[in-house]
Amino acid sequence: MKFETSADPEEVNRIVETMKRKYRNEGMEFEEVSGGLKELRGIIEEDTYAKTDIINKDDLDAFNSKLAQDVGSFYLKLKKYLLPLKEGLKKLPLTNELGYYLYSANMTYSANQYLALTSAGTLISFFFGTIMGLFLGIILATATKNYALATTIPILFAIMTPLITTIIIINIPKQKAIARGQACTAELPFALRHMATELRAGLGLYKTIQAVTAANYGVLSEEFARSITEIEEGTETSDALKHLALRTQSKPLKSAINHMLRAMRVGGNLSDIMNEIAKDVSNDLKNKINTFAQKMNFFAVIFIFVCIVMPTAILILGAIRNSTTSGGTELFKAIPLTPQVMIIFYLVVMPIIFVLLNYFVYISQPKV
């Protein structure tokens with residue numbers, strides 16, 4: 001959803017220049033860009049955001065993760081060779097909204113920094129994939145006497161491993177942003193009722209947001225804290241709320257902020273509006289839980305058949321098929337249940353089925 005802003009251009013420019021000086025003093029660099037959302041909070045205009053890069057070891061101190069710092073050190077050592085790879089990653093469609101999702105996920109990297117880490121991770125995965133491919137290729141070539149596998153498998157691993165790794169790393173910010181949105185949705189009804197109570201008691205909207213920030217509403221309090229920081233840096237309260245609506249992946253929170261802004265613009269009882277939104281969000285969460293319960297009833301039948309009945313039936317048929325008597329072999333000779341096939345089924349196929357079924361349950365459950 002795109003919100004219309006009515007900020008004074010001169011005031012916006014003044015705030016932007018103030019924040020630029022502040023971040024330059026902290027060692028950050030800026031350049032004008034077009035399109036996309038800002039990556040650093042406090043910058044008002046959407047076409048102005050931080051483009052910090054990994055230049056030296058001092059830049060790594062801002063990273064919260066020890067792994068990111070180690071990967072960043074690796075990038076600095078091979079920056080001359082990894083820079084073309086990073087520039088190539090910038091041209092991928094996957095990275096078009098990377099800066100937005102980093103901002104939405106509250107990850108302390110600029111798009112340039114994250115792509116630098118991605119390029120280093122891609123090179124590391126290439127080395128590991130090649131080594132694993134060589135090891136596996138030699139084993140399979142020796143076992144099957146097909147020595148072409150000794151070259152085919154390493155090449156396949158050397159191509160697929162960095163490709164898959166790159167896709168996974170680039171999608172991490174989006175997944176984290178979505179997870180933060182789900183966490184916000186789970187806490188939203190309680191926070192809205194809290195805000196309604198504070199407003200009914202006579203507090204202003206800014207003080208109410210501060211109260212929610214101080215309360216322990218998890219990710220939702222963190223998001224309101226980011227808005228408080230923007231307000232303290234000179235942003236209007238309505239603009240800070242618009243930024244929150246733009247960056248969050250929680251649709252109920254977007255809707256709640258939209259109603260709040262409309263009430264502020266045309267006049268209305270914010271307390272009553274927030275209570276109504278809280279009821280709607282609670283009912284929506286209840287409906288999701290009921291839908292999930294209905295899915296699990298059908299899923300239980302599939303799980304019993306796939307994970308209990310089918311393995312037992314295959315075990316019985318395999319025992320008859322491989323029995324020493326000629327009758328069993330003749331009766332089930334069309335069924336390829338040799339000992340090798342059964343080993344592959346129980347050690348490879350069944351674990352994959354278990355993982356897929358558990359993953360289905362994980363993605364289906366409502367985040368409440």
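The numbers here are math on the coordinates, done by the rules we state, and not lab data. Because the structure is predicted, anything quoted here is derived from the model rather than measured. All Cβ positions, glycine included, derive from the backbone under ideal geometry; neighbour counts span all protein chains shown.
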**Q.** Rounded to whole Hz, the Karplus (6.51, -1.76, 1.60) HN-Hα couplings of segment 282-289, x for glycine and proline
**A.** 4, 5, 5, 5, 5, 4, 5, 5
Q. Taking the Cβ-Cβ separation of V361 and F127 as r and a Förster radius of 51 Å, what is the calculated FRET efficiency to the nearest 0.05?
A. 0.90
Q. Residue-wise, which Karplus ³J(HN,Hα) couplings in Hz belong to segment 136-152, taking 6.51 cos²θ - 1.76 cosθ + 1.60, θ = phi - 60°, and x for glycine or proline?
A. 5, x, 5, 5, 5, 5, 5, 6, 9, 6, 9, 6, 5, 5, 5, 10, 5
Q | Whole-Hz couplings from phi, Karplus 6.51/-1.76/1.60, listed for segment 58-64; x for Gly and Pro | A | 5, 5, 6, 5, 6, 7, 7
Q. Once label points are set 7 Å from the Cα along Cα→Cβ at both I172 and V306, what is their separation, rounded to one decimal in nm?
A. 2.9
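Suppose R0 equals 30 Å; then what is the FRET efficiency for N297 and L92 from their Cβ-Cβ distance, rounded to the nearest 0.05? Don't skip to the answer; put the middle values down first.
Working: r = 42 Å, r/R0 = 1.40.
Taking R0 as 30 Å, the efficiency between N297 and L92 is 0.10.
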Q. Hey, rough spin-label estimate for L156 and A313, points 7 angstrom out along Cα→Cβ, what's it come to in nanometres?
A. 3.1
Q) Between S110 and residues 5 or more places away or on another chain, which pairs have amide H atoms under 5 Å apart, with H built 1.01 Å from N, and which residues are they? A) none
Q: Using just the alpha carbons, could you tell me how many Å³ per residue the convex hull of segment 284-364 encloses?
A: 81
